[in-house]
1. Which FRET efficiency value, to the nearest 0.05, do you get for Arg147 and Met10 by plugging their Cβ-Cβ distance into 1/(1 + (r/R0)^6) with R0 = 25 Å?
2. What number, rounded to the nearest 500 deg cm²/dmol, is the helix-based mean residue ellipticity at 222 nm of the chain, given -39500 (n - 2.57) per DSSP H run of at least four residues and division by all its residues?
3. From the phi of every residue in segment 99-108, what ³J(HN,Hα) in whole Hz does the Karplus formula 6.51 cos²θ - 1.76 cosθ + 1.60 yield, where θ is phi - 60° and glycine or proline is x?
4. Quick one: if the Förster radius is 45 Å, what FRET efficiency do Phe140 and Glu33 give, using the C-beta to C-beta distance and rounding to 0.05?
5. Across segment 146-152, in residue order, what do the Karplus-derived ³J(HN,Hα) couplings come to in whole Hz, using 6.51 cos²θ - 1.76 cosθ + 1.60 with θ = phi - 60° and x for Gly and Pro?
6. Give the ranking of Trp103, Trp49 by solvent-accessible surface, highest area first, calculated with a 1.4 Å probe.
7. Each residue of segment 44-56 in order: what ³J(HN,Hα) in whole Hz does its phi give by Karplus 6.51 cos²θ - 1.76 cosθ + 1.60, θ = phi - 60°, with x for Gly and Pro?
8. Between the helical axis of 155-167 and the dominant principal axis of the chain, each derived from Cα atoms, what acute angle in degrees is found, rounded to the nearest 10?
Amino acid sequence: ASVFAHAAGMAVIGGELARSVELARETLALADELDLGEHRSRALDVLGWAQLETGEREGIEHLRLSVEIAERSNALVEIERSWNNYAAGLYQVGLVAEAHAAWEEARSAALRIGSTAGLLWTAMARVLRRAAAADLDDTFDEVEALRAQTAEGSQTALFLRCGTAWVL
């Protein structure tokens, strides 16, 4: 189940949406059979993203279920990932207030489980949202503060560079 879940995640990141859906559904079947909440959460997360990318709004429900299952299973990595992805999905479909609330939940989850990466990710998402809203007063100072806390080569550092370039 772990291998299928990982492959599904890589497929959705690579834009192989049909393949990611196929792998996510295989992961779900295995996870259900073996009662593996962490892998079920990951599969629903990937399935939700693939659906949103193809215009299927039901992906939001799969992202929400991913959060619910991750929390219930106490799957620490998935708790962090699923809250962030759920928030991003809500934002993507225009449910901005709900997205902001979900990102606050993501931040709370990162604090609860002691995830520095999760805290940096939610802070980075906040910076990008502020930049998208043209709220630039403190955005660049916040980016510099985040850069000081972020390991070079990490996904957060990459997104901070991309976000900064986008704003400029």
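The values are calculated or read from the model by the stated rules, or taken from the named source; none is laboratory data. Keep in mind that this is a model prediction, so the values were computed, not measured. Neighbour counts run over all protein chains shown; Cβ positions are idealised from the backbone, glycine included. To get the accessible areas, we keep the full protein, side chains included, count just its heavy atoms, and leave off ligands, DNA and RNA. Shrake-Rupley method; radii C 1.70, N 1.55, O 1.52, S 1.80 Å.
1. 0.40
2. Estimated from H runs of four or more residues: -27000 deg cm²/dmol.
3. Result, rounded to whole Hz: 5, 4, 5, 5, 5, 5, 5, 4, 5, 4.
4. 0.35
5. 5, 4, 5, 9, 10, 5, 4
6. Putting Trp103, Trp49 in descending order of accessible area: Trp49, Trp103.
7. 5, 4, 5, 4, x, 5, 4, 5, 4, 5, 9, x, 8
8. Helix 155-167 and the main axis of the chain meet at about 50 degrees.
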